[in-house]
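In what follows, a structure is listed as structure tokens, so that the remarks can point back to it.
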């Protein structure tokens, strides 16, 4: 017992200051990509050709559009572009309500907004989620599990993962929805009482990610269930997931507030 | 005649001309594999490969004592007589061959789908009798974990038999890689199993290098080894935390959970991603470690060692934890050998196996890491092994980071040459990752075979439960912590 108390003292207080503290993310962390709104001077398509998931398109007026939902946050396009049109910022906020809000083309980020007033009254202070892995590599599960640890401490926001869809207000889906998990995902969704929400976590659940187009998978959660929140990333950082969930619940007010970050 | 005389000899991470690999009639192929296995060689891979005029078989066996790999092809065939009754480690490979090719496997003791058929439709072994009952769990489980189906035959609390049916996570990984290399392949390799992104990327990139006749830069090799050990540390400490949680020792679960994050955050500092994605690339590493970062890492590793010792001390000195860990979920040494277990699960059952020592490749040729093994084969052995291996990885990393080779982190890696065959084994944190690549006349992958350590080790979870209590299942399962996605591909 004495040793347990001593170790407890040595371990100290580890919970992050999120959402009020400063960002503890390292220099090389790749957050929201910033796409220049000016037409590309180089006029090539090196960025689009380098992208492993075809997330980049170049319009007729030479403006670059990047689909955050397909993006794996690698460095291929940044390295390929001779003109510096695409760069990564340290901004961890990525989640959006609509799939189309994830297409970046220079304008300001369209971050997720809160649920309608009635649903928010129901879930705003107590949200129970059921996770269904539908073909994920387990990277997104790892980051969802981490939300329960002492650093991120999800339950202080009134959000909890529960064991049964019958106990859940919402479904968190990871993976591109494999053919073999499609029926189980649908069954879990149907088993939840209404009103209910669905959160797609990770590039696979948003767009199929690296498995897009595979005959064994269905290119994301919205192939099978209606999605209320898309959280991109491969996998998304735990803060990105937390930020998305809290925005959906209307717990983070201003989408422009840059200091809602912490380690 | 030597038991390996029919085979072509290879070193780990090497490549040979396809034409140099003997092609024999299927009966001779069968007899050769059996003879080599009887002589103590271990089956790393056995799979169907497309050839001109049909489908042939390929086997890769390892001589762990001498550090050689042996490979052999069969002529195109439509039928194969199962080896499983004589060589149990072949059983899952043969089920895979039967469902994924046009080769019919005969005389297999339990021929059923591995991942291609709808898992729910599979047939299960059933026991009957007074008070015998069946428990079915999954595909969706209570926690935040991957899907799989577990069917227990129980008498009261006692488990007589467990059958594990996977396949729910099947994404078609090997089919996506065939025809490559293309710009997506390395990302698919990093997504085979999310907690082993570095390990699988390393096997994939090593194959690309050996197919091209290129070499990774020395500094790149060192950085890859550093990332692989950081991955091992994060997963080992994470598992120790999860096992603490499964026996209800919550403070220790919380401390380990936090400690795991320290290793993930070091990977993020190095390459911007907590799982090391984007770091391992053909020719070396895509990110370098600056001197300032190396100093910072040394300090962080020293703190992690202090924390690991303190937290593990609490876990392994607690009588109630030992009461749950000791003699729970035992896999005997004989069973481990018969099933061809690899990695941590094999070493916890007394098998002296480790790719890093037995088949050293990359930076492990220059810097060695002592192998730890424990004989008891129980949950305790698998937990203690994680602690001891973590300490060895910390030693390795501290020395490596203080003395990184100079030069560029990444060298050039041209396109693969046509008509070549490459094998790479990597000791991932779970065990042996095996990638086998073959290029056609156009230099593109004609086939790309992946064997995740979980593929070898899932049957051990079923064996560990025999005679145990069903309430010990979560703890047993966690003590292996196998990948569903890595198995299902």
- request: Over the whole of A:178-189, what's the average partner chain Cβ count within 10 Å per residue? Rounded to a whole number, please.
  value: 5
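Working from the pairwise distances between different alpha carbons, so that the mean of 1/r is found and then inverted, what is region B:383-489's Kirkwood radius in Å?
Roughly 17.6 Å, rounded to one decimal.
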message: I want to check the label-to-label distance for residue A:194 and residue B:366. Put each point 7 Å from Cα in the C-beta direction and report it in nm to one decimal.
response: 6.5 nm
- request: Please give the residues of region B:81-106, grouped as numeric ranges, whose backbone N is less than 20 Å from a label point set 7 Å along the Cα-to-Cβ vector of residue B:31.
  value: B:81-87, B:106
query: Using the scaling law 2.2 N^0.38 Å as the reference, what is the normalised Cα Rg of region A:117-248?
result: 0.97
message: Going by average Cβ density within 10 Å per residue, which order do the peptides B:383-389, B:286-292 take, highest to lowest?
response: B:383-389, B:286-292
message: For region B:168-210, place one equal point scatterer on every Cα, skip the solvent, and apply the Debye formula. What is log10 of I(q)/I(0) at q = 0.20 Å⁻¹?
response: -0.59
query: log10 I(q)/I(0), Debye, Cα-only region B:162-241, no solvent, q = 0.12 Å⁻¹?
result: -0.46
query: How far apart, in nm, are two points set 7 Å out from the Cα along the Cα-to-Cβ line at residue A:83 and at residue B:471?
result: 6.8 nm
- line: Kirkwood-based Rg/Rh on the Cα set of region A:1-137 evaluates to 1.11
task: Determine Rg/Rh for chain A; Rg is computed over alpha-carbon atoms and Rh is the Kirkwood hydrodynamic estimate from the same atoms.
output: 1.00
- request: Give the residues of region B:365-387 whose amide nitrogen is closer than 14 Å to a point set 7 Å from the Cα of residue B:352 in the direction of its Cβ.
  value: B:370-375
field: Separation between Cα centres of region B:160-231 and region B:288-313, rounded to whole Å
entry: 27 Å
message: Sort A:238-250, B:69-81, B:107-119 by packing, meaning the average of other beta carbons within 10 Å per residue, with the highest value first.
response: A:238-250, B:69-81, B:107-119
- line: Quick calc, residue A:98 & residue A:167: beta-carbon distance into FRET formula, R0 30 Å, rounding 0.05, result 0.60
statement: Partner shielding of B:250-257, as the mean number of partner chain Cβ atoms within 10 Å, equals 4
- line: Rounded to whole angstroms and listed largest first, the alpha-carbon spread of region A:175-253 along its three principal axes comes to 41, 30, 14
- prompt: When the helix-only estimate is applied to chain A (DSSP H runs of n ≥ 4, each -39,500 (n - 2.57), divided by the residue count), what is the mean residue ellipticity at 222 nm, nearest 500 deg cm²/dmol?
  reply: -6000 deg cm²/dmol
field: Potential lengthening between residue A:13 and residue A:121 on full extension [0.36 nm per residue; Cα-Cα distance subtracted]
entry: 35.7 nm
- prompt: Any idea how far apart residue A:42 and residue B:5 come out in nm if each label point goes 7 Å out from Cα toward Cβ?
  reply: 6.0 nm
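Of B:94, B:231, how do they rank once you tally other Cβ atoms within 10 Å and put the fewest first? Could the numbers behind the result be given before it?
On the way: B:94 27, B:231 24.
Lowest to highest Cβ neighbour count: B:231, B:94.
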message: Kirkwood Rh and Cα-based Rg: tell me the resulting Rg over Rh for the protein assembly as shown, rounded to two decimals.
response: 0.95
task: Residues in region B:396-416, backbone N under 17 Å from the label point at residue B:442 (7 Å along the Cα-to-beta-carbon vector): list them, ranges by number please.
output: B:415-416
field: DSSP-defined antiparallel bridges as percent of all bridges, region A:146-263, nearest 5
entry: 10 percent
query: Roughly what percent of Cα-Cα pairs across region B:8-106 reach past 24 Å?
result: 17 percent
- request: Send over the per residue convex hull volume for chain B, Cα only, as a whole number of Å³.
  value: 132 Å³
field: Ascending count of other beta-carbon atoms within 10 Å, so fewest first, for A:231, A:199
entry: A:199, A:231
field: Fraction of alpha-carbon pairs over 15 Å apart in region A:1-66 - percent
entry: 71 percent
query: For chain B, what does -39500 (n - 2.57) per DSSP helix run (n ≥ 4), summed and divided by total residues, give at 222 nm, in deg cm²/dmol to the nearest 500?
result: -13000 deg cm²/dmol
- line: Inter-chain shielding metric for A:207-220, i.e. average beta-carbon neighbours from other chains within 10 angstrom, reads 4
statement: For A:161, B:421, ascending order of other Cβ atoms within 10 Å (fewest first) is A:161, B:421
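Here, each number is a calculation from the coordinates, and none is a lab measurement. Quantities reported herein were computed from a predicted structural model and do not represent experimental measurements. Counting neighbours? That spans all protein chains shown, and the Cβs are built from the backbone with ideal geometry, glycine included.
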